[in-house]
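Any read-out appearing in this document is the output of simple, stated calculations on the displayed coordinates, not a laboratory observation. Computed from a predicted structure; not experimentally measured. As a convention, Cβ positions derive from the backbone with ideal geometry for all residues, glycine included, and neighbour counts pool all protein chains shown.
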Amino acid sequence: MTVIFIPSAAKSEQDLIEEALKASSMDYVVAQTTEAIGIVDKTSDAVIVTNSLNVTQEGWLLDLGEVPLFVYGHKEPSKSIQERIEKFYPVPFKLGQIIQDLKNYQQHVVAQKKLQDIQLGDMLLIPSERILRNVQVDQEVYITDKELDILIYLIRSKKAVGKKELLQNIWQYADNVETHTLETHIYRLRQKIMTHIGCDNFLETNDDGYYLSY
């Protein structure tokens, strides 16, 4: 996993975060927003660490695709951007917490890659490559780590799962958190499956929650 650090204008802040990343022994690069796009294109697993002031410029975020964001700052990003954020750290924040969360995320990605392929009727889930394939029509789509987490949780549950349970287990959210984040992820995952691999009834909903139909 490569950590792409996009600094703000504050030099002292940049130096502190760079020092912490170097001490962590994680692979990292320091880049500006335009440079980050090129790095992401060449890297299979990347995350971005940046100041919330940078993510107010939504144009470059769209070019990055679905790279996880670890964002710190005084101003909490808008709701449209919050859906893209893995973690937000309001000022004052602890650098050690950001580094630990990055390491935890890295371990999670490694664990995902070790999972065996899962056959789901006409669908084949390939966790090591984050791919969902419709074997009947030989089409596939790339999914994000969160989308993979959702699918694996639903597979293991073997029943419909409510929003509260998914938020607690996938995002570790508290009971009072709004469900907009989950609903957005579910909507995007459904759109991917319908558009790219031609299946409109794989991820379903009933009164009890979300479930997979195969």
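How many angstrom lie between the C-alpha centres of the stretch 96-131 and the stretch 1-23?
The stretch 96-131 and the stretch 1-23 have Cα centres separated by 26 Å.
For a quick check: sort SER213, SER157 by the number of other beta carbons within 10 angstrom, fewest at the front.
On the way: SER213 10, SER157 16.
Listing SER213, SER157 from fewest to most nearby Cβ atoms yields SER213, SER157.
Three principal axis extents, largest first, for the C-alpha atoms of the chain, in Å?
54, 38, 30
Would you mind classifying the stretch 77-142 by shape? Square roots of the alpha carbon gyration tensor eigenvalues, ordered a ≥ b ≥ c; an a/c under 1.5 is rounded, otherwise it is prolate if a/b is larger than b/c and oblate if not.
oblate
Show that you can apply the helix-only estimate: for the chain, add -39,500 (n - 2.57) for every DSSP H stretch of four or more residues, divide by all residues, and state [θ] at 222 nm to the nearest 500.
Rounded to the nearest 500, the figure is -13000 deg cm²/dmol.
Note the angle between two axes, namely the Cα long axis of helix 11-24 and the longest principal axis of the Cα atoms of the chain, as a number of degrees from 0 to 90, rounded to the nearest 10.
With both axes taken from Cα atoms, the answer is about 60 degrees.
Can you tell me the orientation of helix 95-113 relative to the chain, as the angle in degrees between its alpha-carbon axis and the longest Cα principal axis, to the nearest 10?
So the inclination is approximately 30 degrees.
How large is the dipole of the chain about the Cα centre if only Lys and Arg carry +1 and Asp and Glu carry -1, each at its Cβ, rounded to the nearest 20 debye?
It works out to roughly 360 debye.
Using the charge dipole of the chain (Lys, Arg: +1 at Cβ; Asp, Glu: -1 at Cβ; taken about the Cα centre), state which of TRP60, TRP171, PRO7 has its Cα farthest towards the positive end.
Result: TRP171.
If you take every DSSP beta bridge whose two residues both sit in the stretch 56-157, what share of them, in percent to the nearest 5, is antiparallel?
70 percent
Could you give the angle, 0 to 90 degrees to the nearest 10, between helix 33-42's Cα long axis and the longest principal axis of the Cα atoms of the chain?
Roughly 50 degrees, rounded to the nearest 10.
Once a ≥ b ≥ c are taken as the square roots of the eigenvalues of the Cα gyration tensor of the stretch 92-208, is the result rounded (a/c under 1.5), prolate (a/b larger than b/c) or oblate (a/b not larger than b/c)? Please list the in-between numbers first.
Numbers: a/c = 2.11, a/b = 1.39, b/c = 1.51.
It is oblate, given that a/c is not under 1.5 and a/b is not larger than b/c.
For the stretch 87-171, give the magnitude of the charge dipole about the Cα centre (Cβ charges: +1 Lys/Arg, -1 Asp/Glu; no others), in debye to the nearest 20.
It works out to roughly 480 debye.
Only bridges whose two residues both fall in the chain count here: according to DSSP, what percent of them are antiparallel, nearest 5?
Roughly 45 percent of the DSSP beta bridges within the chain come out antiparallel.
Which value, to two decimals, describes the C-alpha radius of gyration of the stretch 2-112 once divided by 2.2 N^0.38 Å?
Details: Rg = 12.9 Å, N = 111, 2.2 N^0.38 = 13.2 Å.
That ratio works out to 0.98.
Starting from the Cα gyration tensor of the stretch 1-63, take the square roots of the eigenvalues, sort them a ≥ b ≥ c, and report rounded, prolate or oblate (rounded when a/c is under 1.5, otherwise prolate if a/b is larger than b/c, else oblate).
oblate
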